[in-house]
Each structure stands twice: as structure tokens, then as C-alpha cells.
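A short write-up of the structure that comes next.
The values are calculated or read from the model by the stated rules, or taken from the named source; none is laboratory data. Worth saying up front: this structure is predicted, and the values here are computed from it rather than measured. Counting neighbours? That spans all protein chains shown, and the Cβs are built from the backbone with ideal geometry, glycine included. Surface areas here come from the heavy atoms of the whole protein model, side chains and all, with no ligands, DNA or RNA. Shrake-Rupley method; radii C 1.70, N 1.55, O 1.52, S 1.80 Å.
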Amino acid sequence: GPRIIIPAFFLGPKVSEQIKESKYAEAAKTIAFLIFVVLFITLFFQGEFFLSLIPLIAGTSYYYMKNDPANKIYRYLDWICTTPIMLASLLIANSVETTRIIGVITADVIMILLGYLGINTSSKKEQLYYFLIGMVAFIPVVLSLLSLKLKRYAIILTLIVWSLYPIIYFAKENNLFDNDTETVI
């Protein structure tokens, strides 16, 4: 209880003000920051030090995204650090051999780097190229996760959320919605 109530007490009025001012992306970032702080504290005090790094890094990323909204590097730096930890945790829990873990994490990092390159080019042709090659790098990640037997709920949740991002990325790059909507999603 106190892990949720105390941070919410300090950030709740800020979120309320942001929503009243129709700053939904700012409110989403503040809420995400709050959730990551609570998750970090919870995991850390449960003795899950390795996993507690994920919300710590993500929370730090959202703090910087909130203060520098035009700079998308924070999102990608977050993913470069957190997604390998997530993958390693799931793969290690399933007793996957080290070489396969390294291969899956390498594909994941390549996918994220290609996404970052894609958002930093103005050429629609290059964006599509980076997107498609990034999706090819995503295939071994998906196949590896689908082959795992333990921690199925975590795997399914990971696959669902990670599969939504390419759709959001593609829609955003094709101007189907604005930056604020992308952030909230």
C-alpha cells in the first residue's frame, strides 16, 4: 500500500493538472514514471535486484522524456538496456543455452537500433527499409519466445506488447496520429 500511496500522493495533483490542461502525453509519462518507481521499489525489496533494473531504467527514461519531449533517444536507450534484461530473464528461466541467449539479444538490439535509425531519417524509403529489416530481426526474438515452456504469461504479455509497437511505429510514421497520441499509446 505505502509503495503506491506515497508516490501517488506527490504525483497525483500533477497528473490531474496535466489532464485538465489536455496535456495527455505529459500525464501518460508522469503515470508511467510513477508505475516504474513503484515497480522498482517492489522488485528491489522482494530481492529481485536484476529485474528491478528494468523499471529503474524505464523510470529514468520517462523522467528524461518528460523533460525533453522532442528527443526520442531516451525511449531507444531505455529499450537497448531493458529488453535484453527481459529476454535474458525469460530465457534463463527456461534454461536456454548461452549462445542462443546471446543470439536473441543481438537480434533484439539490432531491431531497436534499426528503429532508431528509422525515426531519424526523413526519407520514407529509408524509413520503410529500416522498418522491414527491423521486423526481420524481430522474427528470431518471437520464435525463441514462442518455443519457451515456463513463464508463459510473461512470454505472452511480452509478445503482445512488443508486437503492438511496430504497428504503432508504422502508423505514426505514416501520419495516422500525432506524437502525443503515440506517447499515450
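Which of the residues that make up segment 60-80 are open to solvent by 60 Å² or more (accessible area, probe 1.4 Å) and in a helix (DSSP H, G or I)?
Keep residues of segment 60-80 that are open to solvent by 60 Å² or more (accessible area, probe 1.4 Å), which gives 60, 63-64, 67, 69-70, 77, 79.
Residues satisfying the conditions are 60, 63, 64, 67, 77, 79.
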**Request:** Keeping to segment 153-185, report how many residues are under 20 Å from residue 92 (Cα atoms) and either open to solvent by 90 Å² or more (accessible area, probe 1.4 Å) or in contact with a His (Cβ under 9 Å, 6 or more places away or on another chain) (or both).
**Result:** 2
**Complete:** Among 41, 139, the single one that is surrounded by fewer than 17 Cβ atoms within 10 Å (Cβ to Cβ), part of a helix (DSSP H, G or I) and of a type in the set (Val, Ile, Thr) is 139
**Filtered residues of segment 21-61 (kept if touching a Gly at 6+ places or on another chain (Cβ under 9 Å) and touching a residue at least 40 places away in the same chain (Cβ under 8 Å))** = none
**From 158, 183, residue being touching a residue at least 12 places away in the same chain (Cβ under 8 Å), under 20 Å from residue 32 (Cα atoms) and touching a helix residue (DSSP H, G or I) at 6+ places or on another chain (Cβ under 6 Å)** = 183
**Fill in**
Going through segment 82-133 in order, the residues found to be in contact (Cβ under 8 Å) with a residue 60 or more places away in the chain and more than 25 Å from residue 173 (Cβ to Cβ) are 90
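Can you tell me which residue among 96, 109 is more than 21 Å from residue 165 (Cα to Cα), of a type in the set (Val, Ile, Thr) and touching a helix residue (DSSP H, G or I) at 6+ places or on another chain (Cβ under 9 Å)? Give the derivation first.
Values: 109 fails: more than 21 Å from residue 165 (Cα to Cα).
Of the residues listed, the single one that is more than 21 Å from residue 165 (Cα to Cα), of a type in the set (Val, Ile, Thr) and touching a helix residue (DSSP H, G or I) at 6+ places or on another chain (Cβ under 9 Å) is 96.
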